[in-house]
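Some notes on the structure that comes next.
The values are calculated or read from the model by the stated rules, or taken from the named source; none is laboratory data. Treat the numbers as computed from the prediction; the structure is a model and nothing was measured. Glycine also receives a Cβ, built like all others from the backbone with ideal geometry; neighbour counts cover every protein chain displayed. When the accessible area is computed, the model is the full protein with side chains, heavy atoms only, and any ligands, DNA or RNA have been set aside. Shrake-Rupley method; radii C 1.70, N 1.55, O 1.52, S 1.80 Å.
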Amino acid sequence: HERDFKLMELLIKYLGSGSIYKYPKQPAVSLTIFKFSDITKKIIPFFNKNPVLGVKLFDYLDWCKVAKLMSNGSHLKPEGFNLIREIKSGMNRGRN
């Protein structure tokens, strides 16, 4: 939500990475991290130290599995790519 804009700015400052996108005609913002190395070296350690609470924890853990597969280069092989697609399909609203 756009009321979280300041929080997103503080996250970017703390992590030293990312940019904020404000959606036109919507009260929403998103924080985007572009460098994969920032995800593995900054974002994942941050959330491992400061865990996500609630049902979003399961999405975070799946996201970490995908990051590990990508770090190993598995996403470049059909089996790894399909596994990532399967993990993604079970995230958020696809979770049972």
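Quick notes
- In the full protein context, the chain carries 77 Å² of accessible surface per residue, based on a 1.4 Å probe and ignoring ligands, DNA and RNA.
- The chain: angle of helix 5-15 to the longest principal axis, Cα-based, in degrees nearest 10: 60 degrees
- Tilt relative to the chain, helix 56-71 - C-alpha long axis, 0 to 90 degrees, to 10: 60 degrees
- The fraction of Cα-Cα pairs per 5 angstrom bin, counted from 0 for the chain, comes to 3, 12, 17, 19, 23, 16, 8, 2, 0 percent, rounded to whole percents.
- Within the accessible surface of the chain, defined with a 1.4 Å probe on protein heavy atoms only, the carbon and sulfur portion equals 60 percent.
- Förster radius 25 Å - calculated FRET efficiency between VAL52 and PHE81 (Cβ-Cβ, nearest 0.05): 0.45
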